[in-house]
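S.K.: I'd like to ask some things about the structure below.
Read-outs: derived from the displayed coordinates by stated rules, not from any lab. Note that the structure is predicted; figures quoted are calculated from it, not measured.
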Amino acid sequence: MFVQRQGIIVWLYSLKHVRQLRKYGNIHYVSKRLKYVVLYCNLHDSEKIMGKLQSFSFVKKVELSYRPYLNLDFDGEKTEQEKEYDYKLGF
């Protein structure tokens, strides 16, 4: 039903080429101070798009986002080390 998405971080030398990146995916965020763009595209097209983006002269570096590979299932259960140390003891 939903298409898997992949975030790509594109580091630029100059921000005047940001509009050219719109045809490769959805631009989510542009940092003016650090000069990078967060771009979202389909997961199965991400490797091909990364290769195209790296070939541009205005692109410094291209990185993949780690979000699809992280475990986002957070349980309320504590580990054994957290159970041993009681944070409510105080002085």
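S.K.: Counting C-alpha atoms alone, how compact is the chain: give Rg to one decimal and Dmax as a whole number, in angstrom.
M.R.: 19.5, 60
S.K.: What 222 nm value per residue comes from the helices of the chain, counting each DSSP H run with n ≥ 4 as -39,500 (n - 2.57) and dividing by all residues, nearest 500 deg cm²/dmol?
M.R.: So the helix-based figure for the chain works out to -4000 deg cm²/dmol.
S.K.: Could you work out the relative contact order of the stretch 1-66? I mean the mean sequence separation of Cα pairs under 8 Å and 6+ apart, divided by the number of residues, in percent.
M.R.: Reported as a whole number, the value is 47 percent.
S.K.: What is the extension gain from HIS28 to ASN71, computed as 0.36 nm multiplied by their sequence separation minus the C-alpha to C-alpha distance, in nm to one decimal?
M.R.: 13.3 nm
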